[in-house]
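*Asks:* Shown below is the structure under consideration.
Laboratory data are not the source of any read-out in this text; all were calculated from the coordinates shown. As the structure is a computational prediction, the values presented were derived from the model and not from experiment. So basically every Cβ, Gly included, is an ideal-geometry build from the backbone, and we count neighbours across all protein chains shown.
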Amino acid sequence: MLASHLDRSVAEDVRHSIALTIGLSSLEVERSRARAAITALEAEADHLRDGAPRA
């Protein structure tokens, strides 16, 4: 009985860990996209500040 409870508990912990890992991966992808967008906007702002035409 205790072993069965422990098995279920471990299985739940594993599922929870997998869900957290997937969520973290998604957040990392979104962070990477946000950083790329910020970099592009900063470059555009620099061009506008310098009076250079945009590409």
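*Asks:* Mind telling me which of the residues E44, E12, E30 ends up being among the acidic types (D, E), within 17 Å of the chain's Cα centre (by Cα) and in a helix (DSSP H, G or I)?
*Replies:* Among E44, E12, E30, only E30 is among the acidic types (D, E), within 17 Å of the chain's Cα centre (by Cα) and in a helix (DSSP H, G or I).
*Asks:* So, one more: Please count how many residues of the stretch 1-21 are of a type in the set (A, V, I, L, M) and surrounded by fewer than 10 Cβ atoms within 10 Å (Cβ to Cβ).
*Replies:* Selection size over the stretch 1-21: 3.
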